[in-house]
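To keep things clear, I will list the structure first and then write my remarks on it.
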Amino acid sequence: MIKVCKFGGTSMADGTNMRRVADIIRSDEERRYIVVSAPGKRYGGDIKVTDLLYETYRNIQKHGVTGEAFQKVANRFCGIVEELALPFDIKEVLKETEKELLRERSEAFAASRGEYLSARIMAALLNVPFIDARDVVKFNDAGQLNGELTFSLLKEALKGKRRAVVSGFYGSDPEGRVVTFSRGGSDISGAIVARAAGAGLYENWTDVSGFMACDPRIVPNPQQIHSMSYKELRELSYMGANVLHSESIFPVREADIPIRIKNTFRPEDAGTDILPTSKYKFSGRTVTGIAGKKNFTVIFIEKSLMNAAVGFAHKVLAVLMRHGISFEHMPSGIDTLSFVIDNEQLKNGVLDEVCDEIRTAVSPDNLRTYDDVALIAVVGHGMSRNVGTSARLFDAIARAGVNVRMIDQGSSELNIIVGVDNSDYERTLNAVYDEFFSEQA
Ligand code: ASP
């Protein structure tokens with residue numbers, strides 16, 4: 001079986017960690033294709049190389065020089081190569097990189113150099129070929145991944161190579177200009193390489209031993225999730241469980257490749273397996289995990305006989321579309337329609353404009369907004385199998401004295417989303433966790 005391994009920023013943070021990574025790779029013949037992030041934080045308060053590179057770009061834009069930020073990047077990489085005692089002329093590569101940064105004047109290009117340099121160093125450490133993602137990961141003009149072209153270019157590049165290191169996070173557009181994924185996007189690169197390589201497993205190595213059933217910063221010592229389905233992952237990671245980029249499943253989904261989250265610093269821990277439907281076995285749990293995010297606004301619209309008014313929702317959606325706003329949820333009743341939208345999109349007077357336009361478009365009987373709403377997603381295939389799950393959920397929330405602002409149940413019965421005041425967020429998470437997990441210990 002071919003395993004593709006992606007190592008995150010903490011795993012690449014310094015020479016010692018990189019050596020650890022190399023040992024993990026060498027300990028298993030099946031670990032063949034490696035995708036790496038840029039060096040991340042070494043300690044609390046440290047700055048990720050990617051952030052320093054964004055700062056470098058801002059320096060170039062403002063002052064025409066790479067400045068102190070790039071000096072810090074250079075120091076990080078020189079330190080790593082020195083620590084590893086590699087015969088790799090990092091000074092020369094950095095000099096060339098600085099020239100390119102000044103020439104290209106592109107934010108994406110600047111951001112991508114962390115992955116480019118760490119992949120080159122990892123390839124030198126393992127003594128295997130380096131594959132530049134710029135040559136093989138292709139985006140279209142709209143900035144979306146061109147999967148077909150990417151998979152065929154990557155397949156060709158990997159052919160005949162026992163092992164290789166591919167840089168994560170970026171690729172290029174049809175003109176060859178560097179394009180990056182969103183932050184944390186090396187997870188997606190790893191999934192793309194896994195798909196192209198026909199891998200039997202995509203190992204995603206990070207600094208935690210997998211997913212917890214709830215955010216450990218809010219619920220003390222939550223249980224570990226040993227396995228979950230792709231769909232559960234998508235729901236949990238989208239709603240804030242940020243172990244893995246929420247878009248990572250798309251490249252592996254069609255090929256049914258399982259993902260395993262592993263901890264570089266505790267490789268003996270089992271981690272979390274994320275399985276395609278065909279391989280997923282029901283765990284017996286009612287709830288697999290709970291995740292959540294703060295800072296949403298609910299726009300609540302009421303109009304008598306809304307159910308009979310053809311095109312009502314369409315007119316409201318047209319207002320959102322005109323403002324380029326995407327919504328998270330759209331719970332509806334016979335005469336009511338609500339939209340849940342993250343606050344970021346409604347800043348600087350946009351919320352008022354949107355409400356005015358909705359009033360003009362559909363003359364509602366009532367239009368109210370609630371801001372400072374937190375969303376909590378309770379996720380699990382088991383919920384649809386067990387009678388009384390929602391009664392237990394809402395009973396637990398009521399016992400905690402929390403007022404529910406909004407409820408939405410995904411049509412797949414995979415999740416129930418509850419909206420509460422931001423100030424009730426922590427209390428609700430703890431109450432829901434205790435209800436579903438204290439008995440499952
Ligand atoms: N280095 C990039 C970031 O910090 C991408 C990644 O690590 O996945 O977001």
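Using only Cα atoms and rounding to the nearest 10 degrees, what angle (0 to 90) does helix 147-158 make with the longest principal axis of the chain?
Orientation of helix 147-158: about 30 degrees from the principal axis.
Using the beta-carbon distance between R26 and N386 and R0 = 56 Å, what value does 1/(1 + (r/R0)^6) give for FRET efficiency, to the nearest 0.05?
Once the sixth-power term is evaluated, E becomes 0.80.
Longest span of the chain, sites excluded, free of chymotrypsin sites (Phe, Trp or Tyr not before Pro) in DSSP loop with at most 13 other C-beta atoms within 10 Å?
It runs 44-281.
Cross-link partners among aspartates and glutamates for K347, C-alpha distance below 14 Å, same-chain residues fewer than 8 apart left out?
Straight-distance partners of K347: D371, D372.
What's the angle, to the nearest 10 degrees (0 to 90), between helix 425-437's Cα axis and the longest principal axis of the chain?
Between the helix axis and the principal axis of the chain, the angle is about 90 degrees.
Here is the link list: K231/K281; K6/K91; K48/K138. Which ones come out longer than 18 Å on Cα distance?
Correct reply: K6/K91; K48/K138.
At 7 Å along the Cα-to-beta-carbon direction for both N242 and Q224, put a label point, then send me their distance in nm to one decimal.
Output for this residue pair reads 2.3 nm.
Assuming R0 = 56 Å, what is the FRET efficiency of V404 and R162, from their Cβ-Cβ distance, to the nearest 0.05?
0.50
Dividing the Cα radius of gyration by the Kirkwood radius, what Rg/Rh value follows for the chain?
Taking Rh as the inverse mean 1/r over Cα pairs, Rg/Rh reads 1.01.
Can you give me the distance in nm between label points at V350 and T277, each placed 7 Å from the Cα along the Cα-to-Cβ direction?
Here the answer is 3.4 nm between the modelled labels.
Excluding residues fewer than 8 places away in the same chain, name every one of the aspartates and glutamates whose C-alpha is closer than 13 Å to that of K155.
Filter leaves D135.
Using label points projected 7 Å from each Cα along Cα→Cβ, tell me how many nm separate R105 and A313, to one decimal.
It is 4.7 nm.
Between S423 and N75, what FRET efficiency comes out of the Förster formula 1/(1 + (r/R0)^6) with R0 = 45 Å and r the beta carbon distance, rounded to 0.05?
E(calc), rounded to 0.05, equals 0.55.
Using alpha carbons only, how many degrees (0 to 90, rounded to 10) separate the axis of helix 107-126 from the longest principal axis of the chain?
It works out to around 50 degrees.
With the calculation restricted to Cα positions, what are the radius of gyration and Dmax of segment 156-311 in angstrom?
Values for segment 156-311 (Cα only, Rg and Dmax): 19.2, 67 Å.
Every read-out reported here was derived from the displayed coordinates using simple, explicitly stated rules and does not represent laboratory data. Everything quoted here is computed from the prediction, not taken from an experiment. Note that we place each Cβ from the backbone using ideal geometry, even for glycine, and neighbour counts take in every protein chain shown.
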